[in-house]
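A.B. asks: This is the structure, below, for whatever I ask next.
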Amino acid sequence: MSETGHPMTGSRIDVLIVDDHLLLSETVAAKLNGKENIAVDLASSEREALDRIEEHGRYSVVLLDYRIPAVEGLNAFRALRHANNGGVALFSGVAGSPIVERALAEGAAGFIPKTLSSQMLEHAIRFIAEGEVFVPSDLTLRLASGDDTAFGLKRREMQVLTFLSEGLQNKEIARQIETTEVIVKMDMKSICRKLGVRNRTQAVIKAQDYGLI
């Protein structure tokens, strides 16, 4: 390890970016490939990413777009984490706090907003490559405090909304958050009222539009 905390020359950090927005991922890759000891590969789908890992072997860091097409919720994260034996971080501009919190609880290597500067992105990648978990300080504070989110949604309501977006029914949601189905129904009414929508489907669509889930 160098005095700056970066790996010594010769210790290459292999990064896989999994994102269907090719212009963004190619731009990020071009910036990272110019950094010392960092090499970047790209994949635009879960299947392509799994194939890359099988061909290449374990990547030091996998940056996974949470909204990758044709995959629900954290299923792509779970598949890639298993295939790569860890080292997978969510790379997103829309993932809400409950999603990030669940991913971290399931072993995510961190959460990297797409709005992060190039310098901070490089720092985050080197940090994760060393076996650490990277979460921006502002998000760390929100997770610790449990503050209400946009629209005045409470922490549990955000959890309900997140599971709802994954297609779970009230009974299944109640089991996941260890409460009763009656409470979940009450939360759903509160969520719809706060979001100004009439039903579950509209609630999910509006929450996605505003980057809550």
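Any read-out appearing in this document is the output of simple, stated calculations on the displayed coordinates, not a laboratory observation. What you see is a predicted model, and the numbers here were worked out from it, not measured in a lab.
A.B. asks: In terms of Cα to Cα distance under 25 Å, which lysines are near enough to residue 206, apart from those fewer than 8 places away along the same chain?
C.D. replies: Once the sequence-local lysines are set aside, what remains near residue 206 is 114, 154, 171, 185, 189, 194.
A.B. asks: So between residue 33 and residue 199, what do we pick up on full extension, going 0.36 nm a residue minus the alpha carbon distance? Display every interim value, and only then the final one.
C.D. replies: Numbers: separation 166, 0.36 × 166 = 59.76 nm, distance 4.62 nm.
Result: 55.1 nm gained on full extension.
A.B. asks: Given 20 °C and 1.002 mPa s, compute D for the stretch 13-143 with the Stokes-Einstein relation, Rh being the Kirkwood radius over Cα pairs; round to the nearest whole µm²/s.
C.D. replies: Numbers: Rh = 14.3 Å.
Diffusion coefficient, whole number: 149 µm²/s.
A.B. asks: Largest first and in whole Å, give the semi-axes of the stretch 150-209's equivalent ellipsoid, each being the square root of 5 times a Cα gyration tensor eigenvalue. Don't jump to the answer; show the numbers that get you there.
C.D. replies: Working: eigenvalues 58, 27, 20 Å².
The three semi-axes for the stretch 150-209 are 17, 12, 10 Å.
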